[in-house]
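Q: The structure is given below, and queries will be raised subsequently.
A short reminder: the numbers here are calculations on the coordinates, not readings from a lab. This one's a predicted model, so the numbers in the text were calculated from it and none came from an experiment. Note that each Cβ is placed from the backbone with ideal geometry, even for glycine, and that neighbours are counted across all protein chains shown.
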Amino acid sequence: MIVINKQAGLLSQPGRRAEKWDSVITRIKPHYPDAVVVHRLDEPTSGLMMIALGKAMSSGLSRSFRERLVNKRYEAVVNGIMVDDEGSVDIPLMADWPNRPRQKIDFENGRPSLTHFRVLERNISENSTRVDLEPYTGRSHQLRMHLMALGHPILGDPLYADPESLGRAPRMLLHAKHLDLDHPLTGHKLTFDSPVPF
């Protein structure tokens, strides 16, 4: 496998249009032709991302993610001062098809989505909160939606932040900072950490 530290603004996989061709996998494929994306980060999110090499690892890593054997932790800076020191957000999500790639909250048809959070720092003068996030499920835009649902959008989020929150950061302040899992083929414990760049 390869574990990379993805920069903010880079797609995990190429889009349909020519201007969306540049991505993690198109950069890696010339060097590792058997590379397979098994784990994605949103374009504006930075941080740790796993790439499988070969069919056996692709199958093993996909199973690890599917069975929630991979522990993932993120860090974000959100608008406003969060009241609770820690907690969980259990709000079902689904694709907002007319407004793709946006997601939406749907209590009737949405898929179960669970995020645990813990406040790291409250910055009163900046009216912002730094928060540690541990997604139990891995839905598209889950962390972004759940924080927005709490009334604290991620600063710089181009899809879900209100104009004031969007303008307060030059990029979306969400970083995938930690991954740990048992190696799918050997069982050895693997731990990866990436310093938060904001």
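Q: Considering only the stretch 37-58, state which residues are surrounded by 21 or more Cβ atoms within 10 Å (Cβ to Cβ), part of a strand (DSSP E or B) and of a type in the set (Val, Ile, Thr).
A: Correct list: Ile51 only.
Q: When only residues in the stretch 60-73 that are assigned to a helix (DSSP H, G or I) and touching a residue at least 12 places away in the same chain (Cβ under 8 Å) count, which is surrounded by the most Cβ atoms within 10 Å (Cβ to Cβ)?
A: So the residue we want is Leu61.
Q: Could you list, in sequence order, the residues of the stretch 8-36 that are assigned to a helix (DSSP H, G or I) and either out of contact with any Leu (no Cβ under 9 Å at 6 or more places or on another chain) or within 19 Å of Met50 (Cβ to Cβ) (or both)?
A: Ala18, Glu19, Val24, Ile25, Thr26, Arg27, Ile28
Q: Looking only at residues in the stretch 74-102 that are loosely packed, with under 14 Cβ neighbours inside 10 Å and outside any strand (DSSP E or B), which one is nearest to the chain's Cα centre (by Cα)?
A: Per the stated criteria, the residue is Pro101.
Q: Still on this structure, please answer the following. Restricting attention to the stretch 122-153, which residues are of a type in the set (Val, Ile, Thr), closer than 19 Å to Lys177 by Cα and either within 12 Å of the chain's Cα centre (by Cα) or assigned to a loop (DSSP other than H, G, I, E, B) (or both)?
A: If the condition is that a residue be of a type in the set (Val, Ile, Thr), closer than 19 Å to Lys177 by Cα and either within 12 Å of the chain's Cα centre (by Cα) or assigned to a loop (DSSP other than H, G, I, E, B) (or both), then Thr137 is the only one that fits.
Q: Here is a further query. Among (1) surrounded by fewer than 21 Cβ atoms within 10 Å (Cβ to Cβ); (2) over 30 Å from Ser62 (Cβ atoms); (3) touching a Lys or Arg at 6+ places or on another chain (Cβ under 7 Å); (4) of a type outside the set (Lys, Arg), where does Leu155 come up short?
A: (1)
Q: Suppose the filter is surrounded by fewer than 17 Cβ atoms within 10 Å (Cβ to Cβ) and β-branched (Val, Ile, Thr); does Ile105 pass it?
A: Yes; evaluated as a whole, the condition is true for this residue.
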